Amino acid sequence: RAITVAASETRNTTTRTDDRIACFSSRGPRGDDGDADRIDELKPEITAPGTHELNPTYCTGIRGILGARHNTATGTTRLHGTSMAAPQVAGLAALILESRPGINPASVRHLLVSTADPRGTPSLPAVDPVWNNEWGWGLVNGFEALDAATAATDLTYLNHPPPVGWLSPDIIVSPDPPKVGLPATVTARIENLGPAAATQVNVHFGVHVYSAATP
């Protein structure tokens, strides 16, 4: 469930439209994990500024992103890399949590992805109509993410966290335990804790085979 952040180059301007992907930023998708879910291979998810200006010949930073220097009260430093892009997204996630206390992690991820400004041509349109292997779902948009956070739904399990990590009281399986070769029905109970109405809800879950010898 990690959010993977790519790095962009601002080209030393405040205009977002001229930004380009940093040459040092890794491209996706990640390796196939062998299941039927293609969405979880779409990494990175979003992009944030990771350098202001690069030397195009050597892909090294001429002017890095200005950030806080560790272990100081007011010190700053300029560096470049995805290590500078990721903390900006972490900071935005913290602002979302401050705006919506109790929001669940999946909703934070959804806000960041759904409000990003799309960049690049879709790389795997059969899997997703927006995702690009360099930019993910786009350049993170802090204003739009926080604006959406105040009006978003927030679907969560009623009794989360469950008393046992792998056994949620809000998920019922019949028959219990399920048996190989027999149809099973999975019922999930969710609750909308957000201020907006929830429509066209998708519940995403997986089935894990722990042992081939288990009937």
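Any read-out appearing in this document is the output of simple, stated calculations on the displayed coordinates, not a laboratory observation. Not measured: the values here are computed from a predicted model. Cβ placement follows ideal geometry from the backbone for every residue including glycine, while neighbour counts extend to all protein chains displayed.
Things to note:
- Once you reduce segment 75-124 and segment 125-156 to the center of their Cα atoms, the two points are 9 Å from each other.
- Each Cα pair of segment 21-60 feeds into the Kirkwood radius, which the Stokes-Einstein equation turns, at 4 °C and 1.567 mPa s, into a diffusion coefficient of 106 µm²/s.
- Magnitude of the charge dipole, the chain, Cβ model with Lys/Arg +1 and Asp/Glu -1, debye to 20: 500 debye
- Result for the chain in a Gaussian network model with C-alpha springs under 10 Å: among 107, 174, 99, the largest mean-square fluctuation is at 174.
- Segment 25-91 - charge dipole about Cα centre, Lys and Arg +1 at Cβ, Asp and Glu -1, debye rounded to 20: 580 debye
- Taken along the Cα-to-beta-carbon direction at a fixed 7 Å, the label points for residue 182 and residue 98 span 5.3 nm.
- C-alpha long axis of helix 82-99 to longest principal axis of the chain, angle in °: 60 degrees
- Taking a ≥ b ≥ c as the square roots of the eigenvalues of the Cα gyration tensor, segment 49-163 is classed as oblate, since a/c reaches at least 1.5 and a/b does not exceed b/c.
- Here the chain is scanned for trypsin sites (Lys or Arg not before Pro) in DSSP loops (not H, G, I, E, B) that have at most 11 other Cβ atoms within 10 Å, and the longest stretch holding none of them is 2-178.
- Overall form of the chain per C-alpha gyration tensor (a/c, 1.5; a/b vs b/c): prolate
- Degrees, to the nearest 10: 105-114 long Cα axis against longest axis of the chain: 50 degrees
- Sites counted here are chymotrypsin sites (Phe, Trp or Tyr not before Pro) in a DSSP loop (not H, G, I, E or B) having no more than 15 other Cβ atoms within 10 Å; the longest part of the chain that contains none of them is 59-165.
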